[in-house]
Amino acid sequence: MRLFNPYSYYPVHLAIVFVFIVLYYLYMTRLHRYERLANRKSSSIYVIIYSFVFMVVVGLRPVHGAFGDTTTIAASYEYFARNPFSIVGTRDSLFYMLQWACSQIMEVEWFFLICEVLYIVPMVIACSRIFKTNKDIGILFCLSALSFFTYASNGVRNGIATSLVLLAISLLRGGAFEKVLCIALSLVATYIHKSVSLPIICMLVCYFFKPKKALFYFWVLSILVSLVMGNAVADFFANLGFDDRLNRYITTQADEQMFNRTGFRWDFLLYSSIPVIMGYYILFVKKTFNSTYLLLLGTYILSNSFWIMVIRAQYSNRFAYLSWFLYPIVICYPMLKLRIWPKTQGSKAAVVMLGHYAFTLFMYLVFL
């Protein structure tokens, strides 16, 4: 379904999100005190409505090269439709099993809509669980994140898997039934894209051991290891099996516009460092945290550390997303849930939100 030029989907999304950002910036700057921000009585429904509109519009997008892997997935979808017994005896993931099943009964556009539902709905539910009455602000942080649109239309399989992991993290600290759901979602996510076994392992490490200073030491060490050992580390991780395509990313030539430079990516390291620096400030300067924030921050830092070790690889952005999917949540959580600046938290949270979106817009304009 072509509503407008395929190359217009992303800028239209950024423009709509910009309107939300401006409105929320004005609203949050008037809240000021932490108590007024943290104890809102209800969330605005408009951001949630837009999330579902986005889900439908992008889900029913045309098969076009502007959406990256969309054309590749569509080609394999048509192959399954013409060869209904081709999947028998293979060891494909749940994603390919879903692709095969859908190819027997529906057109490819409806399959992409299902993929979009599996990407957006777990994210919305996770934000609703984590942020409660501030879920609209949490969702807005996700919508304005650098990688949000990319994994809604390009790295589809990775996007679905990480959204399920995000929902699993939101369930981990619940009761027995929620823990069972967390385990189930983690298994499903792994069979959709086995690379997410990395953040799942990091999540479990942080849940059982609750490290604090060790997280930051490990992150700094990962930078030193990457600088000293270079591609040797990337080759090592390529052989571990975390990502079934990582070895190909290391050995092929990049052609994605935003990620076509190789070597040590200081720009992406700087981007990744913001939640780490903020986390250190909150934990050790402000000395305010809770177990949920430690779980979210720890999972992000550990996963990001492993990406830094393979940062020189072609398409290392695919590996980076194993931590970046948590980026907006880790940035947003302390702003909404921790008492950091009692008298000015609303205003500061608004500035952080604006800066978060501004970087996404900047990256789009630079690589336009």
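Please treat every number below as a calculation from the coordinates, not as lab data. On a predicted model such as this, the values are computed, not experimentally measured, just so you know. Because the Cβ atoms are built from the backbone with ideal geometry, glycine has one as well, and the counts that use them run over all protein chains shown.
Three semi-axes describe the equivalent ellipsoid of the chain; taken as square roots of 5 times the Cα gyration tensor eigenvalues and ordered largest first, they are 31, 25, 21 Å. 3J(HN,Hα) couplings calculated from phi for the range 284-299 with the Karplus curve 6.51 cos²θ - 1.76 cosθ + 1.60 (θ = phi - 60°) are, in sequence order, 10, 9, 7, 6, 9, 6, 9, 5, 5, 5, 4, 5, 5, 5, x, 4 Hz; Gly and Pro show x. Across the range 328-368, Cα-Cα pairs more than 16 Å apart make up 41 percent of the total. At an R0 of 45 angstrom, the distance between the Cβ atoms of Ser8 and Leu227 translates into a FRET efficiency of 0.65.
Within the straight-line cut-off of under 17 Å between alpha carbons, the lysines reachable from Lys135 are Lys41, Lys337, sequence neighbours fewer than 8 places apart in one chain being disregarded.
Summarising the overall dimensions of the range 1-90 from its C-alpha atoms, the Rg and Dmax are 20.3, 61 angstrom. Taking amide hydrogens as placed 1.01 Å from N in the peptide plane, the amide H of Leu60 sits under 5 Å from that of no residue at least 5 positions away in sequence or on another chain. The trypsin sites (Lys or Arg not before Pro) found in the range 79-152 that occupy coil by DSSP, while having at most 13 further C-beta atoms within 10 Å, are Arg91. With a cut-off of 15 Å between beta carbons, the residues surrounding Gly174 carry a summed charge of +3, where Lys and Arg count +1 and Asp and Glu -1. Peptide packing: for 34-47, 180-193, the average count of neighbouring Cβ atoms within 10 Å per residue gives the ranking 180-193, 34-47, highest mean first. Around Tyr27, with a cut-off of 13 angstrom between Cβ atoms, what is the net charge of the other residues, counting Lys and Arg +1 and Asp and Glu -1? Net local charge, Tyr27 excluded: +2.
Cut-off 10 angstrom, C-alpha nodes, Gaussian network model of the chain. Which of Val330, Val57, Val220 fluctuates the most? Fluctuation is largest for Val220. Normalised by the number of residues in the chain, the mean separation of alpha-carbon contacts (under 8 Å, six or more apart) gives a relative contact order of 25 percent. Label-to-label distance, Leu26 versus Lys210, with points set 7 angstrom from Cα along the beta-carbon direction: 4.4 nm. With contacts taken as Cα pairs under 8 Å and at least 6 residues apart, the range 97-203 reaches a relative contact order of 24 percent. In this calculation the C-beta distance from Ile201 to Arg339 is compared with R0 = 35 Å, giving a FRET efficiency of 0.65. Sorting 11-23, 136-148 by average packing, meaning the other beta carbons within 10 Å per residue, from highest down gives 136-148, 11-23. Rg/Rh for the range 39-179 stands at 1.03; both radii use Cα atoms, and Rh follows the Kirkwood definition.
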